[in-house]
Amino acid sequence: MKTYTRRVAQRGFSLIEILVALAILALIALLASNAFDGSRSKAQVMISLAKQVADANIQFKTDTGCYANKPQALFDETFGKAAANNFCGRALGNTWSRPYLAAYNVDASGNLVVDKITAGVTVSLPPPANAGGRKIYYVQFDNVPMDIVKQALVECNNDDTQQGDLTRNRCRTTADLSSATLGNFQYRYDLTK
């Protein structure tokens, strides 16, 4: 004779099944948040561009003896040779030998217009800051959303709670970090003695 056993139907989920499902959802949420962290990727783009402009200006100085004071001078030969567009204030003649940076859109002042970060961001080469008899040369980004500025400070200095100091840090801002408005971001490329 055959014996039939009656199987009790399972109702609901076990605790282990629920925990596994929650772990999977948490992992998906973490991956999604990292993939869509716009301020981090824009901060990385900004730092990368700052390095490119800085390296180009260092090479410009190596060839010409002067730092450019307008980013356009790094890729536009006519603009680059003019005395008004370098910190030495002299015409560079044949010492400007090649484009040092890829061409970008520029504003009327010769500053880069970079919409990859956000609309309205400009990149300039301000006059060097003086610090105890030394000159600090830096690339400056203006009109940058504060969340991107803070993330760039984390990426560059490992700290988004301090404005930074270009004598000790590679990057800084002069903007109020508690503000939700636009600010600036500065990247140092030379500290003369």
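The values are calculated or read from the model by the stated rules, or taken from the named source; none is laboratory data. All values reported here derive from a predicted model rather than from experimental measurement. Here the Cβ positions follow ideal geometry from the backbone for every residue, glycine too, while neighbour counts run over all protein chains shown. Protein only, heavy atoms only, side chains kept; ligands, DNA and RNA dropped before computing areas. Shrake-Rupley method; radii C 1.70, N 1.55, O 1.52, S 1.80 Å.
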How high is the FRET efficiency between L191 and A26 when r is their beta carbon distance and R₀ equals 41 Å, given to the nearest 0.05? 0.35
Structure-derived semi-axes √(5λ) of the Cα gyration tensor in Å - corresponding label in (i) 54, 18, 14; (ii) 30, 16, 16; (iii) 35, 18, 17: (i)
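Please say if the stretch 78-167 is rounded, prolate or oblate, where rounded means a/c under 1.5 for a ≥ b ≥ c the square roots of the C-alpha gyration tensor eigenvalues, and otherwise the choice is prolate for a/b larger than b/c and oblate otherwise?
Details: a/c = 2.64, a/b = 1.43, b/c = 1.84.
Oblate, since a/c reaches 1.5 and b/c is not below a/b.
Per 0.36 nm of contour for each residue apart, how much would the distance between T161 and I58 grow if the chain were fully extended, relative to their Cα-Cα spacing?
Working: separation 103, 0.36 × 103 = 37.08 nm, distance 2.99 nm.
Stretched fully, the T161-I58 segment lengthens by 34.1 nm.
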Using only helices, what value at 222 nm comes out for the chain when you add -39,500 (n - 2.57) per DSSP H run of length 4 or more and divide by the total residues, to the nearest 500 deg cm²/dmol? -11000 deg cm²/dmol
I need the helices of the chain that pass two filters: whole DSSP H segments spanning 24 Å or more by Cα along the axis, and mean Kyte-Doolittle score no lower than -0.5. 15-35, 38-64
Mind checking the full-extension length gain between E17 and A103? Use 0.36 nm per residue of separation minus the Cα-Cα distance, one decimal, nm. 25.3 nm
Percent accessible area from carbon and sulfur atoms, the stretch 44-146, protein chains only, probe 1.4 Å: 48
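How much accessible area per residue does the chain have, in Å², with a 1.4 Å probe? Show your work: numbers first, answer last.
Details: 11480 Å² over 193 residues.
The answer is 59 Å² per residue.
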Cα extents of the stretch 14-127 along the principal axes, largest first, in whole Å, come to 79, 26, 22
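Here are some pairs, K70/K135; K81/K135; K150/K193; which of them have Cα atoms lying more than 20 Å apart in this structure? Please list the in-between numbers first.
Values: K70/K135 17 Å; K81/K135 23 Å; K150/K193 29 Å.
K81/K135; K150/K193, as the Cα separations exceed 20 Å there.
Using unit Cβ charges (K, R positive; D, E negative) and no other charged atoms, how large, in debye to the nearest 20, is the dipole of the chain about its Cα centre? Display every interim value, and only then the final one.
Numbers: 21 positive and 16 negative charges, 141 e Å.
Roughly 680 debye, rounded to the nearest 20.
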